[in-house]
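The values are calculated or read from the model by the stated rules, or taken from the named source; none is laboratory data. The shown structure was predicted, so the numbers you read here are calculated from the model rather than taken from an experiment. Note: ideal-geometry Cβ built from the backbone for every residue, glycine included; neighbour counts use all protein chains shown. For accessibility, only protein heavy atoms count, side chains too; no ligands or nucleic acids. Shrake-Rupley method; radii C 1.70, N 1.55, O 1.52, S 1.80 Å.
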Amino acid sequence: MLRARDVTLSYGGEPVLEGAGVELDAGQFVSLVGPSGSGKSSLLRAVMGLQDISAGTIETPGLARDEIGILFQDDALLPWRSAVDNVALGLRQRGASRAQAREEAEGWLERLKLAGLGGRYPRELSGGQRKRVALAQVLALRPRLLLMDEPFASLDAIVRARVTQDVVNLVESEGIGVLLVTHDLEEAIALSDKIYLLSNGPRARVSHEYPVPLPRPRALIAARTHPKFAPLYGRLWNDLSEAVEGPQPAREAA
Amino acid sequence: MTTVFDRIWVRQVTALAILLGLWEAAGAAGMLNPLYAPSPSQIGAALVQLFSDGSIWPHVEATFAAAIGGLVLGVLVGVMLGAAAALVPLVAQLLEPVMMMLNAVPRVVLAPLCVIWFGIGLGSKVALSFVLVAVLIFFTVYTGIKQVDRRLVERVRTLGGSSWTVLREVYIPFVAAWIMGNLKVAVGFAFTGAVVGEFVGASRGLGYLLSFAQSTFNAALMLALVFLIMGFVLAIFAAAGRIERRLLRWR
């Protein structure tokens, strides 16, 4: 579904990423973790076509351009449009009539636990509700590949856990492939089927790849207590610390 | 316990009434020379006189025509030039210095020049109002477009939006909000242009009446006209405020 090979990416000077490769199969949940400045978000933007690459290839075999959706850290909702109109915006671009788009948008808001809030402007919604609207906006377009750039980083712990669990349920039930950028190692393990660790930038590359041996469907809280969670967390922590600060003494797995 | 004086407007109206009462009393006691500082009742009488014989209406009409003409033209041209400058770098390079120079000049000094160019009729007043408003709106739109949230543009693009969609869904509402925020200032500028233009050279208008009152040393008429202009502009501010609140209720 996604094959990014030998991707080099720069903003004019030294490359941020050099020779990075990422693969994602249909319905798979893959996370990118790594130090700040390692080009995680840039790679995600390049997959979406928002960022040019200097070398390498990014292919999405079997996927049309409009089957890829992206969710940013900022919800970036139009402040002058109500929640339902924000969700309907993309549907209108796909040719739906105003009435059809609004009806479908209302349905998505309901699925994301926002029934009755469609008429509110973004400023009238909480951070978690705005995030759900942004999610509805993307999911309403039925993407087969969803790119997420630390989408829940700004939410408090409880809201974040709830929204994240809802996302997992939705992508599992719809069979959507996800490429997630996150700084949170626990989140990466709890959500993913595979994790890529990027080395320190500039000239960052994929230094490690970890399959996540946790069963699906995933309950995020339960996943954290799975016996295979802690050893993987320990490995990831050590490798990430090494990437940031050089070789570290091995961390005891719980 | 709450009383009627807890309301801000009650306190403000009371303070104003006390001030007018003191002013009137000082005039009645002979402490103020009515030639320079007429009492509120004399100013009120001048106002009543203006309205009772109907002589004020042609002047009100002339001032409103000039101010609204200048406001409409100034907003239209300001929006077009501001948008062109923000979107085409060459236009910005050419226009920005001109606008900066115009902005640096106290633009009311252009009033005599407008009279020379456009005569003492409506044209010179519209022209002065137009210059005052257009420069303000130019900078409003120019700055507004440059400050459009790039994340919103990207969001609309990633939802499949075309350039036209980005313009309609992001740029126009964003810049409209900036213009609405400056509409009250623009209305004030438009009236300033109209009245100053009439003051410098005209045969009709509130500015012309002010000039007439000055030349006849009629302080009561002058103050009556000042309060009248103030009332008109405040009424327009209130209307503009209502429109702003309605259109920008998403804020």
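Quick look at the numbers
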item	result
Yes/no for B:Val148 being part of a loop (DSSP other than H, G, I, E, B), of a type in the set (Val, Ile, Thr) and within 14 Å of chain A (Cβ to nearest Cβ)	yes
The lone exception for A:Arg102 - which of (1) open to solvent by 20 Å² or more (accessible area, probe 1.4 Å); (2) under 16 Å from the mean Cα position of the chain (by Cα) it fails	(2)
Matching residues in region A:66-84 - criterion: being open to solvent by 30 Å² or more (accessible area, probe 1.4 Å), assigned to a helix (DSSP H, G or I) and more than 9 Å from chain B (Cβ to nearest Cβ)	A:Glu67
Test set (1) open to solvent by less than 40 Å² (accessible area, probe 1.4 Å); (2) over 16 Å from B:Leu210 (Cα atoms) - B:Asp6 fails condition number	(1)
Residues being β-branched (Val, Ile, Thr) and open to solvent by less than 20 Å² (accessible area, probe 1.4 Å) - total across region A:28-57	3
Region A:1-27, residues that are closer than 21 Å to A:Glu67 by Cβ and crowded, with 19+ Cβ neighbours inside 10 Å	A:Met1, A:Leu2, A:Ala4, A:Val7, A:Val22, A:Leu24
For B:Val175: the one exception among (1) open to solvent by 10 Å² or more (accessible area, probe 1.4 Å); (2) within 12 Å of another protein chain (Cβ to nearest Cβ); (3) in contact with a Lys or Arg (Cβ under 8 Å, 6 or more places away or on another chain)	(3)
Residue that is more than 23 Å from the chain's Cα centre (by Cα) and β-branched (Val, Ile, Thr), where the choices are B:Ile43, B:Ile68	B:Ile43
Residue match in region B:182-193 (condition: more than 14 Å from the chain's Cα centre (by Cα), part of a helix (DSSP H, G or I) and of a type outside the set (A, V, I, L, M))	no
Hits in region A:64-87 - residues which are aliphatic (A, V, I, L, M), touching a strand residue (DSSP E or B) at 6+ places or on another chain (Cβ under 6 Å) and closer than 13 Å to A:Arg144 by Cα	A:Ile68, A:Ile70
Output for region B:194-206, where each listed residue is open to solvent by less than 10 Å² (accessible area, probe 1.4 Å) and assigned to a helix (DSSP H, G or I)	B:Ala194, B:Gly197, B:Glu198, B:Leu206
One residue from A:Arg130, A:Arg123 being within 16 Å of A:Asp74 (Cα to Cα) and over 19 Å from the mean Cα position of the chain (by Cα)	A:Arg123
Criterion: part of a helix (DSSP H, G or I) and buried (at least 20 other Cβ atoms within 10 Å of the Cβ) - qualifying residue of B:Leu167, B:Leu209	B:Leu209
Residue match in region B:51-69 (condition: open to solvent by 70 Å² or more (accessible area, probe 1.4 Å) and under 24 Å from B:Trp178 (Cα atoms))	yes
The listed residue being closer than 19 Å to A:Glu150 by Cα and modelled with pLDDT of 90 or more, out of A:Tyr210, A:Tyr233	A:Tyr233
Residues of region A:94-119 satisfying the condition of being at the interface with chain B (Cβ under 10 Å from one of its Cβ atoms) and within 15 Å of A:Leu78 (Cα to Cα)	none
Verdict on B:Phe217 being aromatic (Phe, Trp, Tyr) and over 20 Å from the mean Cα position of the chain (by Cα)	yes
Among the candidates B:Asn182, B:Asn218, residue that is polar (S, T, N, Q) and in contact with a Ser or Thr (Cβ under 8 Å, 6 or more places away or on another chain)	B:Asn182
Filter result for B:Pro38 (at pLDDT 90 or above, surrounded by 11 or more Cβ atoms within 10 Å (Cβ to Cβ) and outside any helix (DSSP H, G or I))	yes
Condition check for B:Arg246: in a loop (DSSP other than H, G, I, E, B), open to solvent by 20 Å² or more (accessible area, probe 1.4 Å), at negative phi and within 14 Å of chain A (Cβ to nearest Cβ)	no
Residue check, A:Gly107 farther than 17 Å from A:Ile70 by Cα and either touching a residue at least 60 places away in the same chain (Cβ under 8 Å) or not in a helix (DSSP H, G or I) (or both)	no
Condition met for A:Gly39 (away from chain B (no Cβ under 12 Å) and either in contact (Cβ under 8 Å) with a residue 12 or more places away in the chain or of a type in the set (Gly, Ala, Ser) (or both))	yes
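Conditions (1) away from chain A (no Cβ under 14 Å); (2) in contact with a Leu (Cβ under 6 Å, 6 or more places away or on another chain), marked per residue:
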| site | (1), (2) |
| --- | --- |
| B:Arg107 | yes, yes |
| B:Thr143 | yes, no |
| B:Arg157 | no, no |
| B:Ser162 | no, no |
| B:Tyr171 | no, no |
| B:Gly181 | no, no |
| B:Ala190 | yes, yes |
